[in-house]
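This structure is in C-alpha cells; I'll ask about it shortly.
The values are calculated or read from the model by the stated rules, or taken from the named source; none is laboratory data. The structure displayed is predicted, hence computed values, not measured ones. For neighbour counting, all protein chains shown are included, and Cβ atoms are generated from backbone atoms with ideal geometry for every residue, glycine included. Ligands, DNA and RNA are excluded from the accessible area calculation, which covers all protein heavy atoms including side chains. Shrake-Rupley method; radii C 1.70, N 1.55, O 1.52, S 1.80 Å.
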Amino acid sequence: MGQIGSAGERHLQKLHGTAERAARFYADQVLDHLTPAMIDFVGRQEIAFVATADAAGECDNSLRAGAPGFLHVIDPTTLTYPEYRGNGVMASLGNIAENPHVGIMLVDFVHDLIGLHINGTARIVEDQELRSDVPDLPDDAVPGRAPQRWVIVDIDEAYIHCRKHIPRLKPVPQHRDWGTDDAKRKGGGDYFGAKGTRRHDTMLPVRSAPSRRS
C-alpha cells in the first residue's frame, strides 16, 4: 500500500506545522474500503457531488441525484452509480475516459449532518453489461430515468467530513420531470442568461452541422 495523502498535502503539513494532526486523522479515519456504517450511509443518500478532471487536469464537479439506493455498493471496495439521459455534454464521463480518478462527496444535510468522501478509480460500463453481472442493481421506475450506463468506482480512500460547517436543510415535496428536454418543465432554463452572451475568450461553442438535403 502506498503512502496516504499526496506529496502536496505532506509538504504543506510540514510547512504549516500540521503533520502530527494530519497523521492522526490518516490513522484514525482514512480507509481503503467502506465500513458497514459507510455502506448504510451511502444507501440513504439522494445526491452525490462527483469531481473529475481530464488528462490535462482541467476540473469539473457535477451533481448526481436519485432515490435512496441509486448509489449502489457492490462490495466494500466497489461502488457504482447510474448515468441517465442528460444534456448530452457528458463532461464527467468524458473526463473519466481520459483520467479515471474521481472524488465523490456525500453529505447528509437533513438528519445526521455528516459527510463522506470516497476517492477512487472509475470506469464506464453500459447498463445491460453491468446488470448481467450485478442483478440487484437499482432500476428507477420513474419515466425517463432508465439508466443508460454506470460508473464503477474502485475505492482507494473513504473518510469522514465532519459536521462543523454542514447546514441543516429541510426537504419539501417537489414534482420532478425526470429526463425531459422541455425548457419550462426542466425548471431553470436559461436562468443565468448565458444564451446569446458572447464569450470573452476566442473559443467558439461547438454547433451541430446542419443536415444536408438529399
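For the stretch 95-105, check the following and say yes or no: at least one residue is within 18 Å of ARG131 (Cβ to Cβ) and touching a Phe, Trp or Tyr at 6+ places or on another chain (Cβ under 6 Å).
The answer is no, given that none of the residues of the stretch 95-105 is within 18 Å of ARG131 (Cβ to Cβ) and touching a Phe, Trp or Tyr at 6+ places or on another chain (Cβ under 6 Å).
Also, I was wondering about something else. Could you please give the count of residues in the stretch 146-192 that are closer than 28 Å to GLY115 by Cβ, touching a helix residue (DSSP H, G or I) at 6+ places or on another chain (Cβ under 9 Å) and either at pLDDT below 80 or aromatic (Phe, Trp, Tyr) (or both)?
So the answer is 2.
Could we say that LEU106 is part of a strand (DSSP E or B) and within 15 Å of ALA158 (Cβ to Cβ) here?
yes
Working only within the stretch 1-29, note down all residues that are touching a Phe, Trp or Tyr at 6+ places or on another chain (Cβ under 7 Å) and either in contact (Cβ under 8 Å) with a residue 40 or more places away in the chain or open to solvent by 100 Å² or more (accessible area, probe 1.4 Å) (or both).
ILE4, GLN29 - these are the residues of the stretch 1-29 that are touching a Phe, Trp or Tyr at 6+ places or on another chain (Cβ under 7 Å) and either in contact (Cβ under 8 Å) with a residue 40 or more places away in the chain or open to solvent by 100 Å² or more (accessible area, probe 1.4 Å) (or both).
Then there's this: How about the stretch 122-172: which of its residues are in contact with a Pro (Cβ under 7 Å, 6 or more places away or on another chain), open to solvent by less than 60 Å² (accessible area, probe 1.4 Å) and either aliphatic (A, V, I, L, M) or over 28 Å from PHE109 (Cβ atoms) (or both)?
ALA122, ASP127
Do you know which residues across the stretch 64-83 are among the small types (Gly, Ala, Ser) and open to solvent by less than 30 Å² (accessible area, probe 1.4 Å)?
ALA65, GLY66, GLY69
Note down all Cβ pairs under 8 Å where the first residue falls in the stretch 116-133 and is modelled with pLDDT of 95 or more, the second is open to solvent by 70 Å² or more (accessible area, probe 1.4 Å) and of a type in the set (Asp, Glu), and they're at least six residues apart or on different chains.
These pairs meet every condition: ASN119/ASP156; GLY120/ASP156; THR121/ASP156.
Confirm whether LEU93 is under 20 Å from ARG149 (Cβ atoms), of a type outside the set (Lys, Arg) and in contact with a His (Cβ under 8 Å, 6 or more places away or on another chain).
Against the criterion (under 20 Å from ARG149 (Cβ atoms), of a type outside the set (Lys, Arg) and in contact with a His (Cβ under 8 Å, 6 or more places away or on another chain)), LEU93 does not qualify.
Same structure again: Considering (1) among the polar types (S, T, N, Q); (2) open to solvent by 60 Å² or more (accessible area, probe 1.4 Å); (3) touching a residue at least 60 places away in the same chain (Cβ under 8 Å), say which one ASN87 fails and leave the rest.
Looking at each condition in turn, ASN87 falls short on (3).
On to the next question. What are the residues in the stretch 30-63 that are more than 13 Å from PRO76 (Cα to Cα) and open to solvent by 70 Å² or more (accessible area, probe 1.4 Å), if any?
Matches in the stretch 30-63: ARG44, GLU46, ALA55, ALA56, GLU58, CYS59, ASN61, LEU63.
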